[in-house]
Structures are given as C-alpha cells and as structure tokens.
1. What is the one condition in (1) part of a helix (DSSP H, G or I); (2) open to solvent by less than 40 Å² (accessible area, probe 1.4 Å) that Trp105 does not satisfy?
2. Determine whether the range 83-101 contains at least one residue that is free of Cβ contacts under 8 Å to residues at least 12 places away in the same chain, farther than 21 Å from Ala136 by Cα and surrounded by fewer than 20 Cβ atoms within 10 Å (Cβ to Cβ).
3. Which of the residues spanning the range 108-134 are open to solvent by less than 30 Å² (accessible area, probe 1.4 Å) and part of a loop (DSSP other than H, G, I, E, B)?
4. Has the range 138-154 got at least one residue that is open to solvent by less than 10 Å² (accessible area, probe 1.4 Å), more than 22 Å from Arg7 (Cβ to Cβ) and not basic (Lys, Arg)?
5. Quick check on my filter: what residues within the range 155-177 are open to solvent by 40 Å² or more (accessible area, probe 1.4 Å), of a type in the set (A, V, I, L, M, F, W, C) and out of contact with any Lys or Arg (no Cβ under 8 Å at 6 or more places or on another chain)?
6. Taking Val104 and the conditions (1) within 15 Å of Ala123 (Cα to Cα); (2) at pLDDT 95 or above, which numbered condition does it fall short on, given that it satisfies the others?
7. When you go through (1) buried (at least 17 other Cβ atoms within 10 Å of the Cβ); (2) on the phi > 0 side of the Ramachandran plot one by one for Asn59, which number turns out not to apply?
8. Any residue at all in the range 41-62 that is assigned to a helix (DSSP H, G or I), out of contact with any Phe, Trp or Tyr (no Cβ under 7 Å at 6 or more places or on another chain), at pLDDT 90 or above and farther than 17 Å from Gly188 by Cβ?
Amino acid sequence: MASAADRHLSTMALLTFATGIADAIGYLRLDQVFTANMTGNVVLLGMVVAGRIGPALGNLIALLLFFVGAWATGRMLRGTPKGWGGRVRQALVVEVVILAGAGVWLLLAPAELPVWLIAIFTALLAAAFGVQAAAARVVGVKDMTTVVVTSTFTGLATGLATGEGRGGPALRRRLTSLGTMALGALLGSAAHAVHLDGLGVLVCAVVVLAAIRHGERRERAVTPAPPRP
C-alpha cells in the first residue's frame with residue numbers, strides 16, 4: 001500500500017500552487033504583503049521596528065490573521081489522526097469559501113483599493129492560508145507544508161550534497177513543492193498584470209477545491225470496499 005506521502009503528493013502540490021498565486025497577488029496588489037509566507041512578513045516588520053521602512057500594517061494583519069486561521073484549524077483538528085480525513089476536508093472547504101468570497105469581492109472592487117479594503121482582503125487571504133497550513137500539517141506529507149519552501153530548498157541542497165536526496169521520493173517531493181510554488185506565482189503575477197487579481201484568487205479557490213476532490217479520490221482508492229450483504 002502506498003504511503004500517505006505517495007498518495008497525497010499531488011494533493012499537496014495543488015495546495016502549494018494555490019499559495020504561489022495568492023502570495024504573488026498579495027505582494028503586488030495588497031501593498032507588498034505575503035498572505036501565506038509569514039517569514040517575509042516577520043522580516044518586514046523587523047525592518048519597520050528598525051526604522052528602515054515605513055509602516056507595515058498589512059504585514060501585521062497578515063501575521064495575526066494567519067495565526068487565527070491556523071489556531072482555529074488546530075483546535076478543529078485536535079486529536080485527529082495524521083493523514084487525510086473528514087475534518088481535513090472540512091477545514092479546506094472553509095478555505096475555499098473564504099477564497100471564493102474574497103475573489104468575487106476583489107473582482108468588484110475599484111482598481112485603486114483604499115487602505116481599509118486592502119486590510120480586509122489581507123485578513124481574508126491570510127486567514128485562509130492559515131487554515132490550509134494547519135490542515136496540511138495534519139496530512140503530514142514531508143517537504144510539502146504548502147505555504148513555505150525554505151526548508152524544502154534546504155533539504156534539496158543538503159540531500160544532493162550528501163547523496164541522500166539525489167533520486168526517489170524525497171527529490172520528487174522537493175522539486176514538486178518548489179516548482180508548483182513558482183508556477184503559482186507566475187500565474188498570480190500574470191493575473192495582476194492584466195488587472196484580474198480577483199480572478200486569480202477565484203482560481204485559488206478552484207485549485208483548493210480540486211485538491212479536496214483529488215485527496216478524497218486518492219484516499220478512497222486505498223480504502224477497502226465494504227463487504228456486500
């Protein structure tokens with residue numbers, strides 16, 4: 001039987017792809033805010049405290065709402081066994097609803113977003129990806145956090161150096177994570193270039209929904225059918 005990592009690599013890849021889209025749109029449209037990669041926001045806030053850059057309210061909002069999304073999902077999934085399950089699916093459905101609502105609203109929003117509206121969109125996207133990160137943690141596919149690739153990139157480099165990651169599942173996971181994040185960022189940047197940021201966020205919602213359906217199919221494929229009466 002295939003391991004959870006083998007079964008859900010493609011599921012996590014879809015979620016990572018959605019992250020790349022959202023972070024590109026967040027950075028380009030929402031005043032240089034990362035809505036999924038919190039490392040960037042922490043660094044920017046440190047620069048604010050040092051007086052090297054101006055106020056970064058959006059980065060603080062992203063950090064706080066990502067935390068709230070991850071915390072609430074952690075509470076929801078408390079005691080859930082590692083791997084795919086019904087509660088993971090429910091958490092990701094919440095993410096889809098948030099992203100779909102934000103995408104429609106952003107499509108209808110003015111080209112020049114007022115500060116208060118930027119703050120709302122930042123909060124919605126960050127909360128959504130906090131949910132995703134916590135859900136992905138429960139699924140537990142190594143090297144596929146879906147929201148950050150720094151540790152994955154480190155694993156790729158050290159694995160190639162030691163010979164432990166020059167082939168096989170580890171290399172495939174790491175390259176998939178890096179590649180899908182980059183492709184998502186490319187799509188998000190393209191959506192922004194043609195002033196369709198809202199459509200890009202809606203694509204995120206569709207991709208996460210596809211990940212849910214794919215995860216369910218992958219899990220059913222290894223679940224024995226109940227005996228016939």
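1. (2)
2. No; the residues of the range 83-101 include none that is free of Cβ contacts under 8 Å to residues at least 12 places away in the same chain, farther than 21 Å from Ala136 by Cα and surrounded by fewer than 20 Cβ atoms within 10 Å (Cβ to Cβ).
3. The answer is Ala109, Leu113.
4. No, that holds for no residue.
5. Listed by number, the residues that qualify are Ala157, Ala161, Leu175.
6. (1)
7. It is condition (2) that Asn59 fails.
8. Yes, the range 41-62 has at least one match.
The values are calculated or read from the model by the stated rules, or taken from the named source; none is laboratory data. Model, not experiment: these values are computed from the prediction. Heads up, the Cβs are rebuilt from the backbone with ideal geometry, glycines too, and the neighbour counts pull from every protein chain shown. Remember, those area values only see protein heavy atoms, side chains included, never the ligands or the DNA or RNA. Shrake-Rupley method; radii C 1.70, N 1.55, O 1.52, S 1.80 Å.
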